1. Being in a strand (DSSP E or B) and at positive phi narrows it down to one residue among 229, 217, 240, 287; which is it?
2. Quick one: in region 166-189, of everything that is part of a loop (DSSP other than H, G, I, E, B) and either at pLDDT 95 or above or within 15 Å of residue 91 (Cα to Cα) (or both), which residue is nearest to the chain's Cα centre (by Cα)?
3. Need the failing condition index for residue 250 against (1) surrounded by 15 or more Cβ atoms within 10 Å (Cβ to Cβ); (2) in the same structural domain as residue 381 (by TED's automatic domain parsing); (3) outside any helix (DSSP H, G or I), just the number.
4. Looking for something part of a strand (DSSP E or B), modelled with pLDDT of 95 or more and more than 30 Å from residue 135 (Cα to Cα) - is there at least one such residue anywhere in region 332-341?
5. In region 503-513, is there at least one residue being modelled with pLDDT under 70, part of a loop (DSSP other than H, G, I, E, B), at positive phi and surrounded by fewer than 18 Cβ atoms within 10 Å (Cβ to Cβ)?
6. Considering only region 343-454, give the strands (runs of 3 or more DSSP E) lying wholly within it that have at least 3 residues that are modelled with pLDDT under 75, touching a strand residue (DSSP E or B) at 6+ places or on another chain (Cβ under 6 Å) and surrounded by 18 or more Cβ atoms within 10 Å (Cβ to Cβ).
7. Tell me which of these residue 217 doesn't satisfy, since it passes every other one: (1) touching a strand residue (DSSP E or B) at 6+ places or on another chain (Cβ under 6 Å); (2) closer than 28 Å to residue 104 by Cβ.
8. Does residue 310 count as at pLDDT 95 or above and either closer than 23 Å to residue 85 by Cα or surrounded by 17 or more Cβ atoms within 10 Å (Cβ to Cβ) (or both)?
């Protein structure tokens, strides 16, 4: 059995909608009010396009616009871009070595102590070109290691100052027992750094230390190694200038099940689109670049659209307030791509592969903001509005058959002279359709067919072709078409139906106008089917 999604697309929803009846088409005693009165009612089903929207929109399969027009959506969700991906901050690893000169050593011995001081600007490492104003940490630690093989006790401090000369962090240390081995750590949680930025340095922090060696007599002077660094930190917020750069994604693929079957109808979709949807938490604009789009069909053929043949798209909007994401949809329509998106869909790709990525801060805005909770959520999708034409569509589906209630008043199936089936269809969809029903056994071996030569018996609803083709009302059904079809199954065929438990239903046809003009489907369009059956009995007795 074909999936509902597949059927939906092959027949531009008519076939899919019709197939929804299959679990309800069985002979039963429900009072469906078949008019005119006709035997035992089989089914009375009214299917709105809206019903399918309710069933499938949660998965993004169908979308409905404000005016009720429907689009099929095929989507690939891309892994979100995080603040860590965007900043790629490495922190700093500050190192210095103190080696006393002979004069400094003599002063240590003579005076009993000697103090070494240092004060310099050191860079906080981020991506090349970034000039941050500040960062605030969510977690992590700052470690200090002081080591020496010398025999002199050591004490001192190390401090980090912000650009406004306020003290950000201060660590005191001491070790009176040689060899000297000091290891301290302080938390970075909620600590904020304000950076120095100048022609000579970006993201600069002022690091100051003071180390005092003490002596009560002769001793051994060895180098003192100082190391200051950061451990497993995460940034809560950052602000300033993020340098423009590219971030490439792995190839992303949209599966377009419309074209999974190489034998689908000849479909030409009008006004399809390729969409890139973004939900941007960052106070940072971005741009989308496309290197290549590649369509692949089930025949192994490919169609490649170079990024140079796609017009430049507008930027991805930046959030204007922390906690309030900015939403953007970048659309590639027929006017922005050569060949057009319609041409690409006519090629029949069941996979569309995108080779693309992002340009960070393409407009070089100086003051942007990022928080650790920010993400750029995005997806890549193909939108197929149900505005197009279709010729020679074909749908095959199956359903169970139950003749029990119709025959419960007969002692033997041989008493039935004829079986009459009445189909009453009110078609509110803009599609012509024909139906063939083949009765089968439980293994789907054919027994007999309902029609000798099936025809297009369900005429399409009248369609609005008066307005211009660009008008959103063009191609819309503007009424319904009612069709009553009676089919008599003679006794010679009824005997074989005793073992029938399944039906194979084939739906075929064209959109209105034999598929030669576009049509639209709307959420309140309906397809109403009533079926009734009656048996003609031969109750004569040979006695």
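The values are calculated or read from the model by the stated rules, or taken from the named source; none is laboratory data. Only a predicted model underlies this, so the values are computations on that prediction, with no experimental measurement involved. Here the Cβ is made from the backbone with ideal geometry for all residues, glycine too, and neighbour counts use every protein chain on show.
1. Answer to the check: 240.
2. Taking the candidates together, the pick is 189.
3. Result: residue 250 passes all but (1).
4. yes
5. Within region 503-513 (the criterion being modelled with pLDDT under 70, part of a loop (DSSP other than H, G, I, E, B), at positive phi and surrounded by fewer than 18 Cβ atoms within 10 Å (Cβ to Cβ)), the answer is yes, since at least one residue qualifies.
6. Because the criterion is at least 3 residues that are modelled with pLDDT under 75, touching a strand residue (DSSP E or B) at 6+ places or on another chain (Cβ under 6 Å) and surrounded by 18 or more Cβ atoms within 10 Å (Cβ to Cβ), the strands (runs of 3 or more DSSP E) in region 343-454 that meet it are 387-391, 431-440.
7. Condition not satisfied by residue 217: (1).
8. It is true that residue 310 is at pLDDT 95 or above and either closer than 23 Å to residue 85 by Cα or surrounded by 17 or more Cβ atoms within 10 Å (Cβ to Cβ) (or both).
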